[in-house]
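Accompanying notes for the structure given below.
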Amino acid sequence: MRCCGPGGVGGAVHRGVSPVGRLHGSCRPQGRRARRRPRCGRRIGETGDVTEHAPAVRHFASDNYAGVHPEVLAAVAEANVGHVPAYGDDPWTARLQEVVREQLGEHAVAYPVLNGTGANVVALQAMLPRWGAVVCSEAAHVHTDENGAPERVGGLKLLTVPAPDGRLTPELVARQAWGFGDVHRAQPGVVSLTQATELGTVYTPQAVRELCDQAHALGMRVHMDGARLANAAAHLGLPLRALTTDCGVDVLSLGGTKNGLLLGEAVVVLDPEAVAGVEYLRKSDMQLTSKMRFVSAQLVALYEGDLWLRSAQHANAMAARLRAGIDALGALQVAQPTEANAVFVRLPAPVAEALRRRWRFYDWDVTDGTVRLMCAFDTTPQDVDELLDALRHALADGDGAGATRA
Ligand SMILES: Cc1ncc(COP(=O)(O)O)c(C=O)c1O
């Protein structure tokens, strides 16, 4: 749960599983917009202040702090010619349909949308009746980080279960998948899993298949939040369909922004029987963009070749480098296996503060000092090594003062 956005100078960025009140208690004053707006006569990035844009600094807060992959920008520029029909009736959106069929199977149909929250809400709404409910983990983005959009906009009930490493299991799902036919209970109709999970772990195809088999046997459907599906596939060395279509996933929120797009994701329907009215819901959920060619062109650039894989492999490799470096320090507790592009590590408060003088990263659980360090397609080995150097100095200094040397 994100308690606040970036704070003031060196401000903490909080995100965690703790009670909101406690998180807010630890937040710094915001002033975010005022600080970020460039003042007259001064270019963004000139101050060196961590809150401003400094082109040479890459943070560890999120993969969506990164810019746009040059190949994606080139695709946008290429699509910027002449007039074409709006709202998806354009050659790039038609090409996207071919691409998703190649990647995800012959029945796959893509509905480009603007962001991941929108993809999840449209997908879940299309999969459920008004009385439906979604079984998901307590850490699921749909539950913790979408400001209640599935409930508020989608009108859906979320039924959560604790999943300590982020992964649902059939046993965990069974805790909420009950009460079918009971008019007093919101009817569990969808299991939603996140791949890679919010905790940086990855479901194997076998694990996804077991969840799909269980859900289907109960008359439920399976939605996958695949904001980082590419990172999971890169970790396992498998094609995208091996983790989705081939396992029985019905509807996928296919990620884009976290893997180098300017903006854009897609609802990809893998089983047409699993949804009703996606195209209408996309409009009423305000996710139907008129100049859709530019979203589709980006998704085509990402998925028609191997850009999705190259970028995800790189982000994962940087996280693995960071994890290995942290392990080598021998002084810090790492909270989860590093299987995708995030490392969760407990930092003593002064060490975290020292690192924040230069870098942004999320507090994941302020009750135990766990932070999330996330790598992106453009994180460099040097970025990682500088952070590790700073960490080493901060730990050696005890009070964290050395962290600014690196
Ligand atoms: C697992 C997951 N799903 C979906 C999203 C997409 O969210 P947004 O609406 O910010 O694009 C995110 C972004 O943080 C995410 O981590």
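Every residue in segment 138-147 that is of a type in the set (A, V, I, L, M, F, W, C) and not in a helix (DSSP H, G or I), please.
Those that are of a type in the set (A, V, I, L, M, F, W, C) and not in a helix (DSSP H, G or I): ALA139, ALA140.
Give me the strands (runs of 3 or more DSSP E) completely within segment 148-258, filtered to those with at least 3 residues that are within 14 Å of the ligand (Cβ to nearest atom), small (Gly, Ala, Ser) and surrounded by fewer than 22 Cβ atoms within 10 Å (Cβ to Cβ), ordered by residue number.
Ranges flagged: none.
Of (1) of a type in the set (A, V, I, L, M); (2) over 26 Å from ALA54 (Cα atoms); (3) under 21 Å from the mean Cα position of the chain (by Cα), ALA376 satisfies all except one. Which?
Among (1) of a type in the set (A, V, I, L, M); (2) over 26 Å from ALA54 (Cα atoms); (3) under 21 Å from the mean Cα position of the chain (by Cα), the lone unmet condition for ALA376 is (2).
Which of the following residues is of a type in the set (Val, Ile, Thr), within 30 Å of VAL343 (Cβ to Cβ) and either surrounded by 15 or more Cβ atoms within 10 Å (Cβ to Cβ) or assigned by TED's automatic domain parsing to the domain that holds ARG185 (or both): VAL113, VAL109, VAL84?
Working: VAL109 fails: within 30 Å of VAL343 (Cβ to Cβ); VAL84 fails: within 30 Å of VAL343 (Cβ to Cβ).
From the options VAL113, VAL109, VAL84, the qualifying one is VAL113.
State yes or no: is LEU332 within 16 Å of the ligand (Cβ to nearest atom) and either within 20 Å of the chain's Cα centre (by Cα) or of a type outside the set (D, E, K, R) (or both)? Give the steps one after another, and end with the answer.
On the way: within 16 Å of the ligand (Cβ to nearest atom): no; either within 20 Å of the chain's Cα centre (by Cα) or of a type outside the set (D, E, K, R) (or both): yes.
Considered against the rule, which asks whether it is within 16 Å of the ligand (Cβ to nearest atom) and either within 20 Å of the chain's Cα centre (by Cα) or of a type outside the set (D, E, K, R) (or both), LEU332 comes out as no.
So for segment 304-325 (the condition being surrounded by fewer than 20 Cβ atoms within 10 Å (Cβ to Cβ), under 19 Å from the mean Cα position of the chain (by Cα) and over 24 Å from GLU102 (Cα atoms)), does at least one residue qualify?
Checked against the condition, which is being surrounded by fewer than 20 Cβ atoms within 10 Å (Cβ to Cβ), under 19 Å from the mean Cα position of the chain (by Cα) and over 24 Å from GLU102 (Cα atoms), segment 304-325 yields at least one hit.
In this structure, is PRO112 at pLDDT 95 or above, over 26 Å from GLN187 (Cβ atoms) and under 20 Å from the mean Cα position of the chain (by Cα)?
When the stated conditions are applied, PRO112 passes them.
Of these, ALA77, ALA133, which one is assigned to a helix (DSSP H, G or I), more than 16 Å from the ligand (Cβ to nearest atom), at pLDDT 95 or above and not assigned by TED's automatic domain parsing to the domain that holds ALA340?
ALA77
Mind listing whichever residues of segment 270-289 are free of Cβ contacts under 8 Å to residues at least 24 places away in the same chain and under 27 Å from HIS216 (Cβ atoms)?
Scanning segment 270-289 gives GLU273, TYR280.
Can you tell me which of GLU106, GLU71 is within 30 Å of GLU386 (Cβ to Cβ), out of contact with any strand residue (DSSP E or B) (no Cβ under 9 Å at 6 or more places or on another chain) and away from the ligand (no atom under 16 Å from the Cβ)?
Just a single option satisfies the conditions, and that option is GLU71.
For segment 89-106, indicate whether the set of residues that are in contact (Cβ under 8 Å) with a residue 12 or more places away in the chain and under 22 Å from ARG152 (Cα atoms) is non-empty.
no
Grab the helices (runs of 4 or more DSSP H) fully contained in segment 268-380, keeping just those with 1 or more residues being hydroxyl-bearing (Ser, Thr, Tyr) and out of contact with any Asp or Glu (no Cβ under 9 Å at 6 or more places or on another chain).
Hits in segment 268-380: 278-284.
The values are calculated or read from the model by the stated rules, or taken from the named source; none is laboratory data. What you are looking at is a predicted structure, and each value in this text was computed from that prediction instead of being measured. Neighbour counts run over all protein chains shown; Cβ positions are idealised from the backbone, glycine included.
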